[in-house]
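The values are calculated or read from the model by the stated rules, or taken from the named source; none is laboratory data. These numbers come from a predicted model, not from an experiment. For neighbour counting, all protein chains shown are included, and Cβ atoms are generated from backbone atoms with ideal geometry for every residue, glycine included. Each accessible area value is taken on the protein alone, full model and side chains, heavy atoms only, with ligands, DNA and RNA left out. Shrake-Rupley method; radii C 1.70, N 1.55, O 1.52, S 1.80 Å.
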Amino acid sequence: MMSRSYTNLLDLASGNFPVMGREKKRLPRVMTVPGVISELDDDQANSVTSDVPSSVIQDRIIIVANQLPVKAKRRPDNKGWSFSWDEDSLSLQLKDGLPEDMEVLYVGSLRVDVDSSEQDDVSQLLLDRFKCVPAFLPPDILSKFYHGFCKQHLWPLFHYMLPFSANHGGRFDRSLWEAYVAANKIFSQRVIEIINPEDDYVWIHDYHLMVLPTFLRRRFNRLRMGFFLHSPFPSSEIYRTLPVREEILKALLNSDLIGFHTFDYARHFLSCCSRMLGLEYQSKRGYIGLEYYGRTVGIKIMPVGIHMGQTASVLRLADKEWMVGELKQQFEGKTVLLGVDDMDIFKGVDLKLLAMEQMLKQHPKWQGKAVLVQIANPARGRGKDLEEIQAEIQASCKRINKTFGRPGYEPIVFIDRPVTLSERAAYYTIAECVVVTAVRDGMNLTPYEYIVCRQGVSGSESSSEFNGPTKSMLVVSEFIGCSPSLSGAIRVNPWNIEATAEAMNEAISMSDSEKQLRHEKHYRYVSTHDVAYWSRSFFQDMERTCKDHFKRRCWGIGLSFGFRVVALDPNFRKLSIDAIVSAYLRSRNRAILLDYDGTVMPQTSINKTPSQEVISIINMLCSDVTNIAFVVSGRGRDSLGKWFSPCKKLGIAAEHGYFMRWPAEDEWETCGQNNDFGWIQIAEPVMKLYTESTDGSYIETKESALVWHHRDADPGFGSGQAKEMLDHLESVLANEPVSVKSGQFIVEVKPQGVSKGVVAEKIFAAMADHGKQADFVLCIGDDRSDEDMFEIIGNAMNSGVLSSNTSVFACTVGQKPSKAKYYLDDTTEVINMLEALAEVSNSTPSPTDEAGSSP
């Protein structure tokens, strides 16, 4: 049954989901110590955020993938099932890199259809014997989830294929997205049934489960969770065409660590985060991180490797079955080029055949000698595009063999059937060169397997049959994930048939000594960067990323796939109106400092003139003689002076404090240390240069500062130009009395010694000099410049300008990391709070009046 706590997530997709079959019997929570933990009901909405240590001491990890690492067979008597480990499964192999004492559980689906009457028994059997928890997907959801959204939308798009027409890729179908969300929900329920949220790690795999992190994070705010994408991640221009692009991005960002095979894939993901969500990454000591609502989401770049032990055992099996000897006899006197590919539209098998044809034409010496053996693994997808590719491949094979074939020789040997591991290893062992011409592939481990098979197993028969040193050659597409790690391979653009043909000729014509050197270099890398190395590295980074989880205060906010966890300092809390009113009433000398844009005026408002309500509230606060109230803003003095002209007793600090006008005064005071603005003649031409070359940028000229805005420019280019400009301005203005700073979509040049923090310091000092040391401070702001005010309050208390007994309410607008101790959600809450204080001032005599003192 669907949990009520998740219905709003699924409402994003349709609002109406069918009941997914009957309610299943709940599995007991698996533990590493005896006993059963009481289950967390799916209908509980509260997140688990307790700081009480769990009774489970030993760490566990839950591996979640689309398929479990087990094989299932119906028993001969048709009564029940028999199960065995799938030794080829990456989920099983990665266990070798995890700590030896770590318990590993698996959540995923089975490749077979299990009748609903058998599902409970199968679940219990898999849990007891294999520590596997199956997720049973109803047939209608399974079809739409896997063959629909995964294979018709995500898989083509992530491999750079856009649905230009209904017949080419297919249009976006929202019902398939709904099934994808529903399937991910079922996986989440199975994880929830077995998880110890404060002790377990969760590692989610691949594009089938990209929204699963949101389901789990919504339930357990502090869950330690990683995600690894095994497919390519496309460039932002491609990814942005996906109608549910932001939902998937935000779901992935609910992980703690996101892994990719190559820097290109990670770069594309980061570019999407920048362009769509305005998030910029930072690199610190070799680690890449994205700041996301107070959490640092780590980005891991590490290509997966092969399982060396399994490959060695397969090689011994190949020797035992004498397949190598048989193949050497079959291809005696021939030079074998080998291709091993899944049958899908992105593997470039048709391009490889055309390149082989071209090589035989351009280099007739290979006719009768060179053979391309192409092993085509069974197709996992389906559709018209695949059928067309298969037909083209068959036609190419027939044409090439007819043109160049002769008795006893066929240039193309096409093996279109399932091939055992031992047979594949035998082909690797006798192949002079492996050719991979995929037009796009997430990783592709075929070259790695080939290298290890060519190295052979020490002492084996097939290894001893090689004369001289071990050698191998690779021709690989530059568009596959393993390409960057194979520096000795000949890299090709598979679309360039002529260049690929020349590369194949070069590979098999190369001297043995050169082949040996390249092979040795590759083998050193492949043998040390195996699957255990990969999983160990990822898990260590996940540990490092999650180490502070239980030291921080977390809130879950947002609906649907807008849900995210805000991680903040434990002392950071929402400002209570009752608490501030109480402190307000007890105080005798109050300082009230208000930012303008984003604090009392919404950032989204086009008309920035303050409302009559704001003017009235500020006048009520200023009429209390125990209050000193200031608006502290980056705006110019003319605008602020005009807008707040009805507020005669209000102090104004304009342009971050370069100009100040004290309460009840008409004259503006210049607070800058230097009134020489000769630097403008230097800075302005530089800014104009960047403005001309950056579409969407503009210069704002203030009386005391120059600001370059790039909010409307291309995010990537604008950010790059801002960094260049910052360096340029710092260089040319090195000897000028100014500071150059970058902010959110701005680069600003302003006089030194000007900041909102300095304004706050002056106000506190002036009050103390007049014998009215502030015993109540309210300081509210929403952006980076306001952090200077929050910081100076602490310094003022340490220096004695403010008393240690002063009631301080430093408050930021919005839940985000801040030096303030309090927050309010938006400008509406700010105005409501100020109104409450104003009403108290208007209705209650001040402490000074009660004491009989004159204002």
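Details
- Residues of segment 134-155 that are over 30 Å from Gln124 (Cβ atoms) and free of Cβ contacts under 8 Å to residues at least 40 places away in the same chain: Gly148, Phe149.
- Scan of segment 632-651 for residues that are in contact with a Pro (Cβ under 9 Å, 6 or more places away or on another chain) and either open to solvent by 10 Å² or more (accessible area, probe 1.4 Å) or of a type in the set (A, V, I, L, M) (or both), ordered by number: Trp643, Lys648, Lys649, Leu650
- When segment 631-653 is filtered for residues that are in contact (Cβ under 8 Å) with a residue 40 or more places away in the chain, assigned to a helix (DSSP H, G or I) and under 17 Å from Ile617 (Cβ atoms), only Leu640 remains.
- Restricting attention to segment 111-135, the residues being crowded, with 21+ Cβ neighbours inside 10 Å and within 30 Å of the chain's Cα centre (by Cα) number 4.
- Flag for Ile628 being in contact (Cβ under 8 Å) with a residue 12 or more places away in the chain and either assigned to a strand (DSSP E or B) or more than 20 Å from Ser841 (Cβ to Cβ) (or both): yes
- Pick from segment 832-855, criterion open to solvent by 70 Å² or more (accessible area, probe 1.4 Å) and under 54 Å from the mean Cα position of the chain (by Cα), ranking: modelled with the lowest pLDDT: Ser843
- Residues of segment 248-305 satisfying the condition of being among the charged types (D, E, K, R) and either outside the structural domain of Leu216 (by the TED database) or over 21 Å from Gln815 (Cα atoms) (or both): Asp264, Arg267, Arg275, Lys284, Arg285, Lys300
Results for (1) in contact with a Leu (Cβ under 9 Å, 6 or more places away or on another chain); (2) in a loop (DSSP other than H, G, I, E, B); (3) assigned by the TED database to the domain that holds Asp200; (4) modelled with pLDDT under 50, shown as yes or no for each residue.
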site	(1), (2), (3), (4)
Asp43	no, yes, no, yes
Val52	no, yes, no, yes
Ser55	no, yes, no, yes
Ala65	yes, no, yes, no
Ser82	no, no, yes, no
Asp88	yes, yes, yes, no
Lys95	no, no, yes, no
Glu100	no, yes, yes, no
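- Within segment 584-608, the set of residues being aliphatic (A, V, I, L, M) and touching a residue at least 40 places away in the same chain (Cβ under 8 Å) comprises Leu585, Ala591, Ile592, Leu593, Leu594, Val600, Met601.
- Residue in segment 803-813 that is in a loop (DSSP other than H, G, I, E, B), in contact with an Asp or Glu (Cβ under 7 Å, 6 or more places away or on another chain), within 26 Å of Glu655 (Cβ to Cβ) and touching a residue at least 12 places away in the same chain (Cβ under 8 Å) present: no
Residues are listed down the side, and each one gets a yes or a no for (1) touching a Ser or Thr at 6+ places or on another chain (Cβ under 7 Å); (2) closer than 30 Å to Met102 by Cβ; (3) among the charged types (D, E, K, R); (4) open to solvent by 20 Å² or more (accessible area, probe 1.4 Å):
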{"residue": "Phe149", "(1), (2), (3), (4)": "no, no, no, no"}
{"residue": "His153", "(1), (2), (3), (4)": "no, no, no, no"}
{"residue": "His159", "(1), (2), (3), (4)": "no, no, no, no"}
{"residue": "Phe164", "(1), (2), (3), (4)": "no, no, no, yes"}
{"residue": "Ala179", "(1), (2), (3), (4)": "no, no, no, no"}
{"residue": "Asn184", "(1), (2), (3), (4)": "no, yes, no, no"}
{"residue": "Phe187", "(1), (2), (3), (4)": "no, yes, no, no"}
{"residue": "Ile192", "(1), (2), (3), (4)": "no, yes, no, no"}
{"residue": "Tyr201", "(1), (2), (3), (4)": "no, yes, no, no"}
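- Pair list, Cβ < 7 Å and 6+ apart or interchain, from segment 283-299 residues that are closer than 13 Å to Leu270 by Cα to residues that are of a type in the set (Phe, Trp, Tyr) and in a strand (DSSP E or B): Ile288/Tyr281; Gly289/Tyr281; Leu290/Tyr281; Gly298/Tyr287; Ile299/Tyr281
- Counting only helices (runs of 4 or more DSSP H) that sit completely within segment 676-795, those holding 3 or more residues that are assigned by the TED database to the domain that holds Arg635, on the phi < 0 side of the Ramachandran plot and open to solvent by 30 Å² or more (accessible area, probe 1.4 Å) correspond to 756-769.
- Whichever residue in segment 249-273 is touching a residue at least 60 places away in the same chain (Cβ under 8 Å) and open to solvent by less than 10 Å² (accessible area, probe 1.4 Å) and, among such residues, is nearest to Asn221 (Cα to Cα): Asn254
- Residues of segment 609-625 satisfying the condition of being surrounded by 13 or more Cβ atoms within 10 Å (Cβ to Cβ), in contact (Cβ under 8 Å) with a residue 24 or more places away in the chain and touching a strand residue (DSSP E or B) at 6+ places or on another chain (Cβ under 9 Å): Pro610, Val614, Ile618, Leu621, Cys622, Asp624
- Residue check for Phe539: over 30 Å from Ile490 (Cα atoms), in a helix (DSSP H, G or I) and modelled with pLDDT under 80: no
- When segment 479-512 is limited to residues that are without any contact (Cβ under 8 Å) to a residue 12 or more places away in the chain and assigned to a helix (DSSP H, G or I), the one that is nearest to Leu372 (Cα to Cα) turns out to be Ser509.
- Residues that are surrounded by fewer than 19 Cβ atoms within 10 Å (Cβ to Cβ) and not charged (D, E, K, R) within segment 479-513 comprise Pro484, Ser485, Ser487, Gly488, Asn493, Trp495, Asn496, Ala499, Ser509, Met510, Ser511, Ser513, listed in sequence order.
- Segment 109-133 residues that are among the aliphatic types (A, V, I, L, M), paired with ones that are assigned to a helix (DSSP H, G or I) and open to solvent by 30 Å² or more (accessible area, probe 1.4 Å) (beta carbon under 8 Å, 6 or more apart): none
- Selection of helices (runs of 4 or more DSSP H) fully inside segment 368-462 by the criterion of at least 2 residues being assigned by the TED database to the domain that holds Met343, over 35 Å from the mean Cα position of the chain (by Cα) and at pLDDT 95 or above returns 384-404.
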